[in-house]
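Undergrad: Next up is a structure, given as structure tokens.
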Amino acid sequence: MTEKLPSVVIVGRPNVGKSTIFNRLTGSRRSIVTDEPGITRDRIYGTATWQGRSFEVVDTGGIVPDDKAAIPREILRQAQVAIEGASQLLLVVDVRAGLTPLDSELARLLRRTGKPLAIMANKVDTQMQESLAAPFYGLSNDVFPVSAEHGYGFDTMLEAITARLGVAGPGQEDAPALEKDNKQINVAIIGRPNVGKSTMLNRLAGTERAIVSDIPGTTRDAVDTIVERGGRTYRFVDTAGIRRKGKTNLVAEKMSVMMARRHLEQADVALLIVDASLGVTANDANIAGYAEESGRSVIIVMNKWDLALQAAAEKAARELEHQGMKPHVAQSRTRKHTSVVRKKAVTGRVDPLQLVKDYEEIVRTRFKFLDYAPIVFVSAKTGERTEKLFDLIDRVADARRRRISTGELNRWVSEVDLDRGTSPAARRVKIYYVTQASTSPPTFILFTNQSKRLHFSYERFLENLLRKSFDFLGTPIRFLQRLKERRKRGESASNRTRTAH
């Protein structure tokens with residue numbers, strides 16, 4: 001393990017430019033930046049490097065200490081967690097707005113922590129405007145006039161901060177602590193709003209890492225955390241809830257959805273969270289389609305399973321109470337589900353195992369294109385079955401990176417019956433040679449006797465045979481085909497003539 005980097009925490013009231021400063025320091029676009037206040041809510045982590053010296057940067061949500069509403073209260077709690085581990089605090093203020101009572105109150109609270117405090121007087125674009133920062137020297141002796149948008153003053157600030165932190169320079173032993181580990185598994189937690197993604201992140205991380213609220217769309221930025229378990233490292237990313245385009249209005253919300261899809265494409269495994277108490281919706285299927293198109297490995301997580309069981313039990317009790325009513329009165333959208341519950345209503349109980357089987361059939365029907373993805377029924381809130389997710393993630397990640405030797409693949413081709421997948425009306429498919437071109441996802445090159453691409457149904461047939469012989473749980477399989485070139489009739493005749501002479 002590398003030594004933990006010193007932490008620089010950015011704090012301030014809403015809409016003073018904290019996320020823009022974070023993005024400039026880290027050289028990324030991790031934090032969403034718009035004119036809408038209150039965009040950042042959770043802690044966002046990144047790494048900054050200045051003249052070969054590295055340190056951790058933490059972006060926090062806009063703090064309003066006296067606001068007792070649920071989300072502002074959680075933003076303050078998340079910021080306090082970051083402040084406790086800080087080596088340096090940067091209070092961001094807006095010089096054009098002047099010194100506000102809230103700036104003074106935040107400075108007072110931060111000084112009480114005993115952590116080194118510096119003021120970043122933002123929106124100073126030129127040297128002529130530095131005088132605008134004068135009122136803020138009453139908050140701290142360290143005031144740095146800067147422009148987050150244009151980069152003015154950042155060199156001076158970074159030189160002072162890195163010297164104070166004592167972080168390692170080039171050639172020293174303290175290398176960046178966040179360098180990627182080959183064993184790291186990147187896991188994106190995706191799904192529509194309010195299905196329990198943030199609760200799942202907190203459960204897997206074992207800490208209150210993300211803000212959890214009943215208000216849909218609470219998560220805006222992608223919140224990531226590193227978890228080490230059993231000698232493996234997992235990077236979980238909680239993404240914003242993905243809505244349909246027509247249901248997305250705010251600029252920040254649209255950017256959140258775009259970033260969620262971008263983080264999905266950077267992941268190894270996607271945990272597709274579905275609210276089991278409500279069932280599979282059209283938007284769930286839409287998001288599943290994004291995951292399949294991106295080539296990510298997928299695990300379908302039916303969350304809130306405790307609520308689904310409770311609802312089924314209540315329904316069974318009601319049916320038992322109204323046993324004399326006509327069958328159509330208690331009909332549900334899925335006939336099989338109704339019949340299973342109705343049978344159990346005689347005793348007033350619902351068999352959880354039977355209900356799981358019933359739900360699996362419904363999920364498979366709605367997610368036909370994800371038939372390779374395992375399904376797990378959990379409750380992130382209570383922790384029921386969530387521990388099984390780590391073993392499942394390991395299996396799926398290993399399958400994604402699995403490479404089959406060319407010799408083993410061609411022995412497999414010679415042993416399996418490939419004729420069963422050929423339509424009687426089509427030319428018989430003959431596979432001469434198979435080799436694996438790459439992993440993540442597993443991609444295979446087929447050399448065949450066909451001059452046209454194989455029909456998708458035959459590719460699905462081959463995929464199913466591969467999955468039976470090799471463990472590719474949860475990962476998509478791709479095929480590349482080397483097409484046989486058609487010879488022109490004139491060319492073939494001339495070749496025969498030359499051969500005869």
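The values are calculated or read from the model by the stated rules, or taken from the named source; none is laboratory data. As the structure is a prediction and not an experimental result, all values here were calculated from the model. In this analysis, Cβ positions are derived from the backbone assuming ideal geometry, glycine residues included, and neighbour counts consider all displayed protein chains. Note: areas computed on protein heavy atoms with side chains; ligands, DNA, RNA excluded. Shrake-Rupley method; radii C 1.70, N 1.55, O 1.52, S 1.80 Å.
Undergrad: Mind ordering 151-158, 19-26 by average Cβ neighbours within 10 Å, highest first? Intermediate results must be reported in sequence, preceding the final value.
TA: Numbers: 151-158: 16.4, 19-26: 22.6.
Top of the packing list down: 19-26, 151-158.
Undergrad: Residue separation times 0.36 nm, minus the C-alpha to C-alpha distance between Glu105 and Ala285: what's the value? Write out the running numbers ahead of the final one.
TA: Numbers: separation 180, 0.36 × 180 = 64.80 nm, distance 4.76 nm.
Fully extending the segment from Glu105 to Ala285 adds 60.0 nm.
Undergrad: Now a separate question. Which residues' amide hydrogens lie under 5 Å from the amide hydrogen of Thr47, considering only partners 5 or more residues apart or on another chain, with H built in the peptide plane?
TA: For Thr47, whose amide H was placed from the backbone, the distant partners under 5 Å are Val57.
Undergrad: Using a 1.4 angstrom probe on heavy atoms only, work out the carbon and sulfur share of the accessible area of the stretch 76-115 in %.
TA: Details: 950 of 1810 Å².
Answer for the stretch 76-115: carbon and sulfur cover 53 percent of the accessible area.
Undergrad: Could you sort 473-479, 350-356 so that the peptide with the highest average Cβ count within 10 Å comes first and the rest follow in order?
TA: Values: 473-479: 20.9, 350-356: 16.1.
Per-residue mean Cβ counts within 10 Å order the peptides as 473-479, 350-356.
Undergrad: Set the Förster distance to 22 Å, then compute FRET efficiency between Arg401 and Gln266 from the Cβ-Cβ distance, nearest 0.05. Walk me through the intermediate numbers first.
TA: Numbers: r = 16 Å, r/R0 = 0.72.
Here the calculated transfer efficiency is 0.90.
Undergrad: Starting from 0.36 nm per residue, how many nanometres of slack lie between Leu132 and Gln51 once their C-alpha separation is accounted for? Spell out each step's value before the answer.
TA: Working: separation 81, 0.36 × 81 = 29.16 nm, distance 2.91 nm.
Computed gain between Leu132 and Gln51 is 26.3 nm.
Undergrad: A further question on this structure: Can you work out the Karplus-derived ³J(HN,Hα) for every residue in the stretch 279-296? Use 6.51 cos²θ - 1.76 cosθ + 1.60 with θ = phi - 60°, whole Hz, and x for glycine or proline.
TA: Values per residue, Gly and Pro as x: x, 7, 9, 4, 5, 4, 5, 5, 5, 4, x, 4, 5, 5, 5, 6, x, 6 Hz.
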